[in-house]
Every structure is written in C-alpha cells, then in structure tokens.
1. Quickly estimate the mean residue ellipticity at 222 nm for chain B, helices only: each DSSP H run with n ≥ 4 gives -39500 (n - 2.57), and the total goes over all residues, rounded to 500.
2. Under 18 Å Cα-Cα from B:LYS148, which aspartates and glutamates qualify once same-chain neighbours fewer than 8 residues away are excluded?
3. For q values of 0.08, 0.13, 0.14 Å⁻¹, compute log₁₀ I(q)/I(0) with the Debye formula on a Cα-only model of chain A, without solvent.
4. Could you work out, residue by residue across B:212-223, how many beta carbons of other chains sit within 10 Å of that residue's beta carbon, and then give the average as an integer?
5. Given +1 on the Cβ of Lys and Arg, -1 on the Cβ of Asp and Glu, and no further charges, what dipole in debye does chain A carry about its Cα centre, rounded to the nearest 20?
6. Per residue of A:141-150, count partner chain C-beta atoms within 10 Å of its C-beta, then hand back the mean as an integer.
7. Taking each residue in B:231-243, count the Cβ atoms of any other chain within 10 Å of its Cβ, then average. What number comes out?
8. Rounding to the nearest 20 debye, state how big the charge dipole of the protein assembly as shown is about its Cα centre with +1 on each Lys and Arg Cβ and -1 on each Asp and Glu Cβ.
Amino acid sequence: MSFIEVKDLVIEFTKIDDEGNEVPGKKAVDGVSLNIDKGSFVAVVGMNGSGKSTLAKSLNGLLLPTAGSVVVDGFDTRDEDHIWDVRSRVGMVFQNPDNQIVSSIVEDDVAFGPENLGIEPDEIRRRVDDALKHVGMYDQKDKGAHMLSGGQKQRIAIAGAIAMRPQCIVFDEPTAMLDPKGRARVMSIIKDLNAEGITCILITHFMSEAEQADRIIVMKDGKVIGDRTPAELFSDIPFVESAGLELPPAIELRKMAGLPGNLSTAAEIAEHIAASR
Amino acid sequence: MIRDITLGQYYPGKSVIHRLDARTKIIATLVYIVSLFIVNNFWGFLIAGVGLAVVIALSKVPVKFIFRGLTAIFIIIIFTVVINIFMTEGRIIWQWKFLHITVEGLSRAGFMAVRLVLLIIGSSMMTLCTKPIELTDGLEKLLKPLSKIGLPSHEIALMMTIALRFIPTLMEETDKIIKAQQARGADFESGNIIQRVKSLIPILIPLFVSSFRIAQDLALAMEARCYHGGSGRTRMNEIHFHRGDAVAAVVMVLFLAVIIASRYIPALF
C-alpha cells in the first residue's frame, strides 16, 4: 500500500450565480489517480490553472474531494475524526513566505504546529530547536519574523512543518517568491529532508527544480498527462512543450546543440561535449 | 514615519524586566497608567518619571530605541499642547486679537505633555520587554476567569498575536500600494483636506483586498498546521509567577501609595 493513494479525484469549485444560487464551476482537478510511495521525491509541474495547487491542497484535507478519494497512511481525508491524523502526517509549505508565519518571533512560530498537537512543553522545545537547526536558522530563533529575508522566512515555514514531525511535506511553489540564493537554499533543504526519509512533494514552475525529483507528474487542465522520471520526461521534448512547460537549461542546451536525447543531466551533457572534442 | 512606531515591537533581552511574568507586566502597566491620571501636580510626575527611569535602566533597552516610539505621536503632543496653551482661561500674560496665553494654560499644557509622554513610554516599556506571544498568553490567562461568562479569551489572545504579527507586513503592503499608485500619477500631497482624504481611497481599497487575501492564506497555513482552537493546545513556554513577580507587585503597591500621597504635596505654582 502506498503512503498516499489518490483515486479518481475530482475537485470542483462551486460558483454563486447572479441570483445567489450555487452552480457547478470549473473542475480544478478532474479524475486524477496516483500513488505516492513513502520516502519518494515527487515533483508536480504544469501551467497556471492546471490544478497542481488544488491537488496539493487536497493531499492533507485542506480541500476535500467532490468525487473520488484521497487516502493518507490509511486515513481518508473526508473522515472528520481523523483529519488531524492526516494533517500531522502531511505538512505543508506555501508559496508566500509572509502569509504563513503566525507568530512575530521565529521560535514561537515554529512551535505553533506542535502546540496545536498538544505535545508536552519540553518535547516542543526539543523539536523546535531541532527543526531550526535543520534549516540553519537556530542562531536567529529569538529574532522578529519581519526582520528576515524572504528566503529566511521560507526556511522558518519549513521548520514549522518539520517540527510537527510529518512523514510527508507538500511544498506548494515554495521558491516562487525567492531570489536565486534563497531558492538554492530551500532546494537543498528539501533534498536533505528527502534523504532523511521524509516524502517530499514539490509543486513548482521551475524545471531545474523538478528535474531533481525521482518522479515528475505533469498536469494539464486538471488531469495528469504524464508521470515519468526526469530522464524520461526530458528526452521527450515535444511532449514537454505541448504541456506548456519550459526545458531545464541543460536540456535546452542539448536541444540547441543537437545532442542525442538520451542525455538527461547537465553532467552527462558536459561529459558528452568533453568526449567529442 | 510609520515604520518608527515602537508600540507593539519587542526588544530582545534577558533583563529583570524581561523575565517578569507577562501578567505582572500587564497589571503593572495598568497600575502605572491609572497612577498617571491620579497625579494632580508636578511632584507626582517627578515620582512617576523617576520610577519609569528606573524601569528603563533595569530593562537595558537603549533609550534611543524608546524615544523613537515618541516621534510618531509627536504631532498629537504638539496639538494637545497648542490647544491647552491657547484655550485655557485664566491670568493672561500675552494677547493678540483672539489669541491669548495664560499662566494656567502654560502649566496645563506642560502637564498634559508630560502625562502623554509618560503614558506612551510607560506602555511601550511593556511591549518592548515582553514577547508579543507572552503578552497575549498573559492576557489569555488573565481573561480566563471571564471565559466562564462567555468571553472567548483564547480567540481574543490569538487575534492579538496575529494583529501584532501583521503590523509590519501590512505596513510594507501599504508602502507598496502608495508607491504603485504614485507611479500611476496619484497625488496624495496637494489639495484641501477633503481632496486628500478622498485620495486615500485608492490606497485603502487595495489594502483591504490584500488583507483579505493574506487572511485567507494564513487561515489555510494555520489549518495545515493542525490549528483547531484553544482546546487541547499546549504551550512551549508555560508562564509562571516567580519571586521577581512578588517583588514587582510590592513595588507597584508602594508606587501607587506614593503617587496617591503626592496629591497632597503642595503644588509648585
């Protein structure tokens, strides 16, 4: 059994028409089925409006299925009695670093999740310190959150998720509002967490980030149109372009230089070029 | 200018004042504010001023940092002073047409100015030396008895935590909106008062919209972190009364007694 099992998931937003009646609106997610294994690193890519964020929010019950089901570690997200079991297993980091920090002081914000779980104060302290060390923000724990840069705030948000000791963290475009340095730092933290056995699901627009995952899920108009490894995906350039995605820089180079399509990483391409000289 | 408001800003430290229980500090601040209104002559303000100076010295918060908070309310102080100088009847020492300055006016203006300054510094000492979260925790505990009669103490405390947290964020947002509107040719500086108030509308509406967007994002983030109200929630830093709090309580009682006694010291003039 996979850690997260999504089956025939449909999420439909209802609209209110001019007369105040609820009418069915757009299906943001339309018949998605997928399994996510424990410890894997999955990227979800797609154009704006492809439903990837909606899918992300349904993985921990922030959005509930209109039809179909999402089962996390044996708990159905529609089961109200176990919604906190689901959310303590699947943490989430959002796009805007400013709008997800609850407390003015760094360490108090990281403690917010564990406090909600009703954990003993000593244990919360240990988890907060540990989480802050993980993201390299331990020496700033007494600082005001508004004094930090966007990248630092995002690291605090990640620490807030880690402190709940989830088995999986969903990152919903965590780097979209960061500068290149902040992005690189957040990506390296995500990879470290994955190496420690935490399942990571990364929603992103950046192909250079997606290619670091084990598996890339491509979405379009609420449907999954591709579920491949990065190497498989980026060897099929027409497909990538038809999905409205850009190519990672290295693959772009490979395409422009007319190199063989089986080269999928910057290192392989560099090796090929060096060998052919 | 809006960045200079120290009210609601925390100055990290480990001083005696910082270590006091938030509840002690809230009550002490209330006592101090009340005492400022009990005072009826300058002797009382002298005592209150010295008391505040001692607290500032103990807190080790740089004086510069404290006074920065005053710049924001400087206009209010000036306004109060001017109104009091010109509007108080009494022994006239200077007159020009309908304007006149009286001895009573001068003394009252000074009185009000000192009271306002002490009031602002006194209450900002509380927020400077107490982490916002401790402050709201303290308030939650102080209000707890009232939850029996239906006062949602946890919700009030959480609302305050979030309000304090988002002051800087909303200020940045306002700044951004002002600049964006100025770039589109909005004029906030000319025209009469009605035109100027009207010109605030293009700032306020986007600000409202973005506050709602922020609120929605935050609510999602809180839910994702298992927030489900005050029941079953623990705290990382449980607050406790210590010996220092008992000392502070005794000091505040003595202070209040001295302030009340100061009413009976003959006035300077």
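1. -23000 deg cm²/dmol
2. By straight Cα distance, B:LYS148 reaches B:ASP137, B:GLU140.
3. Once normalised to I(0) and log-transformed, intensities are -0.37, -0.91, -1.03.
4. Whole-number average of other-chain Cβ neighbours for B:212-223 is 5.
5. That gives a dipole near 820 debye.
6. Per-residue shielding by partner chains comes out at 3.
7. Mean shielding count: 4.
8. 2480
The values are calculated or read from the model by the stated rules, or taken from the named source; none is laboratory data. It should be emphasised that the depicted structure is a prediction, and the values quoted were computed from it without experimental measurement. No Cβ is skipped: glycine too gets one built from the backbone with ideal geometry, and neighbour counts run over all protein chains shown. Areas reflect the complete protein model, heavy atoms only, side chains present, ligands, DNA and RNA absent. Shrake-Rupley method; radii C 1.70, N 1.55, O 1.52, S 1.80 Å.
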